[in-house]
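A.B. asks: After the structure tokens below, expect a handful of questions from me.
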Amino acid sequence: MNSQEWMQRFDRSVMGTYKRYPLVLSRGEGCRVWDLEGKEYLDCVAGIAVCSLGHSHPKVVEAIRKQAGTLTHVSNLYYTQAQCLLAERLVSASFADKVFFCNSGAEANEAAIKLARKYGNETLGGKNEIITMEGSFHGRTLATITATGQAKFQAGFEPLPAGFRYVPFNDLAALEAAVDEKTCAVLVEPVQAEGGVRVPDAGYLKGVREICDRKGILLIIDEVQTGMGRTGVFLAHEAEGIAPDIVTMAKALGNGFPIGAMLATDKAAAAFVPGNHASTFGGNLLAMAAGLAVLEVLLDEGLLARGAKAGRYFLEKLQALKAKHGSILDVRGRGLLLGVEMDREVAGILTRCTEKGLLVATAGTHVVRFVPPLVITDAEIDRAVAILDGVLEER
Ligand SMILES: *Cc1c(COP(=O)(O)O)cnc(C)c1O
């Protein structure tokens, strides 16, 4: 069967919740993937900022293989070594004292929302509202689409859970004014990725931290996309020298193996006691093995620094492209989370890039988003930019 036949067969049985590009991918290595017909693509999507070590990284493959042949899953009724080791690794690499494991970014944010409410209800005398940002993205469960400050993700799913309020992103005065006697926490992304690769002013997160401190409420940072070296440091908030109370992670933590994590200080984490929150698959041994292997490569083998360097090079090349094409309104980002804002909707540009062998993502309707594996080489960056250049020349 060829790709065309597979796609027709696929759509007969798989629910239509996604608009997919018309290709069937079957194999990957490093920054490259191949479709069923053997056509090669340079992958600047990386499974939406997930496969940061590149596809089929030998260390991750070996770790999963080894764990699969030893013990796959036992539930959280018991202790396991792998969960201990990954939690220790995350704690020592971050602000956090404690880690809760789950399976996705939305689940990590759900856990953070529950923890903040429990903390607020019990420790802050019944405060339980969370302020989030307009243009944010926090996931697709009912609570996380409500936390998400974009109406398009909420429309049709009413009634939405109560307890969320929104303020404009990158506006400290608006945040300060919105915090009231019911507020228990602020939830914010260091860079709004899905929302258009929107980078706040320097000092913004620090200002959010100061407001939270002054009001005695929790700061939750959604690092699902920005974490794991995506922006050039391990967790993006480190660049502002602040320590949050709660951080959520997922995407690149397993390099493609599903895993989510909520990290917290002891002060916040103490609000959860046995029975308050749980996940059957959370802390699954395969996910833990994958996460440990990923952190080893990222933190011990210099990938973090390589990603930061590649990000600077990529940004420079995109800025040069902007100088050439009037249709590019802005080029921005941090590390290897980069956005090219166009003067038009970018769907057509992405289709042409895909046809020419370059996978890129969108961030909203007008922004082309590059989130390649951190192992991307300068030559691959040159090729990606050349393909986009060629597509923009066509217009
Ligand atoms: C992708 C993403 C999520 C949701 O993660 P899922 O694993 O798809 O549930 C939440 N927050 C941010 C910032 C994300 O980029």
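A.B. asks: Sort out which residues of region 227-236 are in contact (Cβ under 8 Å) with a residue 60 or more places away in the chain and either within 10 Å of the ligand (Cβ to nearest atom) or buried (at least 24 other Cβ atoms within 10 Å of the Cβ) (or both), and write them in order of number.
C.D. replies: Those that are in contact (Cβ under 8 Å) with a residue 60 or more places away in the chain and either within 10 Å of the ligand (Cβ to nearest atom) or buried (at least 24 other Cβ atoms within 10 Å of the Cβ) (or both): Met228, Gly229, Arg230, Thr231, Leu235, Ala236.
A.B. asks: If you don't mind, another one. From the list Gly105, Gly135, Gly139, Gly120, exactly one residue is farther than 27 Å from Asp266 by Cα and in the same structural domain as Pro190 (by TED's automatic domain parsing). Which is it?
C.D. replies: After applying the criteria, what remains is Gly135.
A.B. asks: What are the residues in region 368-391 that are among the aliphatic types (A, V, I, L, M), open to solvent by less than 10 Å² (accessible area, probe 1.4 Å) and more than 14 Å from Leu315 (Cβ to Cβ), if any?
C.D. replies: Residues satisfying the conditions are Leu374, Val391.
A.B. asks: Only one residue in Val224, Val273, Val208, Val197 is without any contact (Cβ under 8 Å) to a residue 12 or more places away in the chain and either within 12 Å of the ligand (Cβ to nearest atom) or of a type in the set (Val, Ile, Thr) (or both), so which one is that?
C.D. replies: Testing whether each residue is without any contact (Cβ under 8 Å) to a residue 12 or more places away in the chain and either within 12 Å of the ligand (Cβ to nearest atom) or of a type in the set (Val, Ile, Thr) (or both) leaves just Val273.
A.B. asks: Inspect all residues belonging to region 243-260 and state whether any of them is open to solvent by 10 Å² or more (accessible area, probe 1.4 Å), without any contact (Cβ under 8 Å) to a residue 60 or more places away in the chain and within 27 Å of Val367 (Cβ to Cβ).
C.D. replies: Looking for residues that are open to solvent by 10 Å² or more (accessible area, probe 1.4 Å), without any contact (Cβ under 8 Å) to a residue 60 or more places away in the chain and within 27 Å of Val367 (Cβ to Cβ), one finds none in region 243-260, hence no.
A.B. asks: Here's a follow-up. Give the number of residues within region 105-121 that are of a type outside the set (Lys, Arg), farther than 13 Å from Lys182 by Cα and open to solvent by 40 Å² or more (accessible area, probe 1.4 Å).
C.D. replies: Total satisfying the criteria: 2.
A.B. asks: Looking only at region 87-131, filter to residues that are of a type in the set (D, E, K, R) and in a helix (DSSP H, G or I); which one of those is farthest from the chain's Cα centre (by Cα)?
C.D. replies: Selected residue: Glu122.
A.B. asks: If I filter region 133-160 down to residues being open to solvent by less than 50 Å² (accessible area, probe 1.4 Å) and on the phi > 0 side of the Ramachandran plot, which single residue comes out as nearest to the ligand (Cβ to nearest atom)?
C.D. replies: Here the residue is Gly139.
A.B. asks: Would region 192-207 turn up any residue that is out of contact with any Asp or Glu (no Cβ under 9 Å at 6 or more places or on another chain), part of a strand (DSSP E or B), open to solvent by less than 10 Å² (accessible area, probe 1.4 Å) and assigned by TED's automatic domain parsing to the domain that holds Asp97?
C.D. replies: Yes.
Conditions (1) polar (S, T, N, Q); (2) over 30 Å from Glu355 (Cα atoms), marked per residue:
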position	(1), (2)
Glu37	no, no
Ile48	no, no
Gly54	no, no
Gly69	no, yes
Val99	no, yes
Ser104	yes, yes
Ala111	no, yes
Thr123	yes, yes
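The values are calculated or read from the model by the stated rules, or taken from the named source; none is laboratory data. Please read all numbers here as calculations on a predicted model, not as lab measurements. Using ideal geometry, Cβ is built from the backbone for each residue, glycine included, and neighbour counts are taken over all protein chains shown. Side chains included, ligands, DNA and RNA excluded: accessible areas come from the protein's heavy atoms. Shrake-Rupley method; radii C 1.70, N 1.55, O 1.52, S 1.80 Å.
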